[in-house]
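Here the structure is laid out as structure tokens; the discussion comes afterwards.
The values are calculated or read from the model by the stated rules, or taken from the named source; none is laboratory data. Bear in mind the structure is a predicted one, so any value in this text is a computation, not a measurement. Note: ideal-geometry Cβ built from the backbone for every residue, glycine included; neighbour counts use all protein chains shown. Only protein heavy atoms, including side chains, enter the accessible area calculation; ligands, DNA and RNA are left aside. Shrake-Rupley method; radii C 1.70, N 1.55, O 1.52, S 1.80 Å.
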Amino acid sequence: MPLKSDRALVVFSLGEKLGALPLESVEKIAPMADLARPPGLPAPLEGILNLAGAAVPVVRLDRLLQLPERRLGLYSMLVLLKAERLEDRVAMLVDRVVEILNIPSSAMLPVGTGDSFNACIEGTVTMGGQVVHVLSPRRILLEREHESLSAFRTIEQRRLDDWKTVTP
């Protein structure tokens, strides 16, 4: 009889490290796409994705977490996080998605709120002998970073909306 899973995690690689996000916080996993790169982007912001006419900021987790930066590759993926409002959506750029891991809640070791920056790590699990850091989708970015992303999203959304009104 299969093990009843209490948690499902989207496991991804960032160089030699493994990270994860709770599956319930992920709206979509998609291959890397062409991004708008307006001037003045902060280093962690790779660009803005046009997702069916909606501007979605794309954050490079390797840069945000100050890990060694890797070149984007064939398997680079966008992990689009769920948001209460469409205008608050953000995508995380990762090297590749490794798997969807189903675990019992007891398999995740908690991490203290003071043991990671902004308490962005909820806990750790082990997969294939490697530690996987489970990130908190609400705490990956600081409030100030959310505000900055919102400003860039608004500017790019205006550009996208302007092109909707142009008729050839």
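Assorted remarks:
- Some residue of the range 57-67 being acidic (Asp, Glu) and open to solvent by 50 Å² or more (accessible area, probe 1.4 Å): no
- For the range 84-115, residues that are part of a loop (DSSP other than H, G, I, E, B) and touching a residue at least 12 places away in the same chain (Cβ under 8 Å) total 5.
- For the range 18-56, a tally of residues being in contact (Cβ under 8 Å) with a residue 40 or more places away in the chain, touching a helix residue (DSSP H, G or I) at 6+ places or on another chain (Cβ under 9 Å) and open to solvent by 60 Å² or more (accessible area, probe 1.4 Å) returns 1.
- Which listed residue is touching a strand residue (DSSP E or B) at 6+ places or on another chain (Cβ under 7 Å) and not polar (S, T, N, Q), from 89, 63, 71, 85: 89
- For the range 143-157, the condition of being polar (S, T, N, Q), more than 16 Å from the chain's Cα centre (by Cα) and within 20 Å of residue 19 (Cβ to Cβ) holds for none of the residues.
- Here residue 2 meets the list (1) at pLDDT 90 or above; (2) open to solvent by 30 Å² or more (accessible area, probe 1.4 Å) almost entirely, failing just condition (1).
- Qualifying positions in the range 90-100 - out of contact with any helix residue (DSSP H, G or I) (no Cβ under 8 Å at 6 or more places or on another chain) and open to solvent by less than 30 Å² (accessible area, probe 1.4 Å): 91
- Taking the range 119-146 as the range and being within 17 Å of residue 40 (Cβ to Cβ) and either surrounded by 11 or more Cβ atoms within 10 Å (Cβ to Cβ) or in contact with a helix residue (DSSP H, G or I) (Cβ under 6 Å, 6 or more places away or on another chain) (or both) as the test, only 145 passes.
- Given (1) more than 22 Å from residue 58 (Cα to Cα); (2) open to solvent by less than 60 Å² (accessible area, probe 1.4 Å); (3) polar (S, T, N, Q); (4) modelled with pLDDT of 90 or more, number of the condition residue 116 does not satisfy: (4)
- When residue 75 is tested against the conditions (1) touching a Lys or Arg at 6+ places or on another chain (Cβ under 7 Å); (2) under 23 Å from residue 153 (Cα atoms); (3) in a loop (DSSP other than H, G, I, E, B), the lone failure is (2).
- Those residues of the range 114-136 which are more than 18 Å from residue 64 (Cα to Cα) and either of a type in the set (A, V, I, L, M, F, W, C) or under 15 Å from the mean Cα position of the chain (by Cα) (or both), in sequence order: 125, 127, 131
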